[in-house]
Amino acid sequence: MKKKVKIGLALGSGAARGLAHIGVLQVLEENGIVPDYIAGTSIGAIVGALYAAGVSPKMMEGLAQNLDIKKYYDVTVPRYGFVKGQRIEELIKLLTRDKEFSELNIPLTVTAVDLKTCRLIELNEGKVYRAVRASISIPGIFTPVEQGDYILVDGGLLARVPVDTVKRMGADVVIGVDVGFQGQHRPPVNILEVILQSLEVMELEILKNNVEKGDVIIYPDVSDIHPFYFDKVEECVQEGRKATLEAMDRIKNLIETYQH
């Protein structure tokens with residue numbers, strides 16, 4: 001008798017490039033693969049939270065195509081960041097139906113980094129939208145989130161694809177999705193791009209020394225997508241679909257191996 005294989009999905013950071021996660025989920029579903037655990041960082045936390053809350057990948061694609069993200073940038077005097085993030089927080093609260101982690105359809109962990117202790121923090125209790133808001137807090141752009149003794153910013157600083165997190169949740173087979181920067185920037189045109197590109201340079205260097213150890217890492221080709229422009233939804237989704245279809249044989253073989 002085939003044993004039940006626990007599948008973990010680790011969705012990584014990458015701002016607008018993370019719309020490719022939607023295409024990944026679509027292809028996994030079409031092949032009968034639904035994760036038992038999800039870990040998400042930054043944009044991966046948003047997509048993972050929506051999916052775990054019951055929003056279908058097709059619905060996510062429609063939402064992304066009709067969403068004017070600029071309306072949700074509540075710009076503030078930059079004491080801790082240019083964007084307060086309250087409007088985006090309210091949007092995430094609405095889309096996740098104000099659920100607690102314990103109410104989700106699929107167990108979810110969201111990662112962030114505590115500036116005080118310099119540690120990766122795994123969030124999986126309380127309100128989902130608050131944890132996601134912490135995970136998307138790109139330093140210098142979004143204001144950090146204070147939670148208990150923590151001052152939380154984007155989890156991608158220390159773990160671009162939270163593979164180890166989803167392993168700790170109990171996954172046998174881990175599918176990671178990396179939509180992050182791969183090493184070639186255009187010249188920055190404003191201070192926000194200077195901040196983001198600098199962070200991506202550091203992130204890439206950390207990644208070189210801490211290779212993600214997922215059983216399968218999917219790499220959608222979204223390097224040409226500007227991380228702040230969320231208008232290339234169809235292109236991102238299609239790249240996510242394409243990369244996942246290419247990885248599908250490896251994923252199915254791994255699952256089959258664990259079943260015997």
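The values are calculated or read from the model by the stated rules, or taken from the named source; none is laboratory data. In this text, all values refer to a predicted model and were calculated from it rather than measured experimentally. Positions of Cβ are generated from backbone atoms using ideal geometry, with glycine treated the same way; all protein chains shown enter the neighbour counts. Accessible surface areas use protein heavy atoms only, side chains included; no ligands, DNA or RNA. Shrake-Rupley method; radii C 1.70, N 1.55, O 1.52, S 1.80 Å.
Rounded to the nearest Hz, the phi-derived 3J(HN,Hα) couplings of segment 228-242 under the Karplus curve 6.51 cos²θ - 1.76 cosθ + 1.60 (θ = phi - 60°) are 9, 9, 9, 9, 9, 4, 4, 4, 5, 4, 5, 5, x, 4, 4, where x marks glycine and proline. Between D68 and N31, the modelled label-to-label distance comes to 3.9 nm, taking each label 7 Å out from Cα in the direction of the beta carbon.
For the chain, modelled as a GNM whose springs connect Cα atoms under 10 angstrom apart, the maximal fluctuation among G62, G156, G14 occurs at G62. Here the Gaussian network model covers the chain, with springs between Cα atoms less than 10 Å apart; of T165, T143, T117, T117 fluctuates the most. For R130, the accessible area of its heavy atoms, probed at 1.4 Å with every protein chain present, is near 80 square angstrom.
So, for the chain, what is the accessible surface per residue at a probe of 1.4 Å, expressed in square angstrom?
Per-residue accessible area for the chain comes out at 48 Å².
Using C-alpha pairs below 8 Å separated by at least 6 residues, the relative contact order for segment 5-254 is 29 percent. The modelled label-to-label distance for the pair L245/K6, using points 7 Å beyond Cα in the direction of Cβ, is 3.3 nm.
Once the Kirkwood radius over Cα pairs is known for the chain, the Stokes-Einstein relation at 25 °C and 0.890 mPa s delivers a diffusion coefficient of 135 µm²/s.
Accessible-area rank, largest first, for D164, D36, D149, D178: D149, D164, D36, D178, with all protein chains present and a 1.4 angstrom probe.
Probe radius 1.4 Å, ligands and nucleic acids ignored: give me the carbon and sulfur share of the accessible area of the chain as a rounded percent. Carbon-and-sulfur percentage of accessible area, whole number: 51. Dividing the summed -39500 (n - 2.57) terms of all DSSP H runs of n ≥ 4 by the residue count of the chain sets its mean residue ellipticity at 222 nm at -12000 deg cm²/dmol. Segment 230-248 to segment 12-67: how many Å between their Cα centroids? Centre-to-centre distance over Cα atoms comes out at 11 Å.
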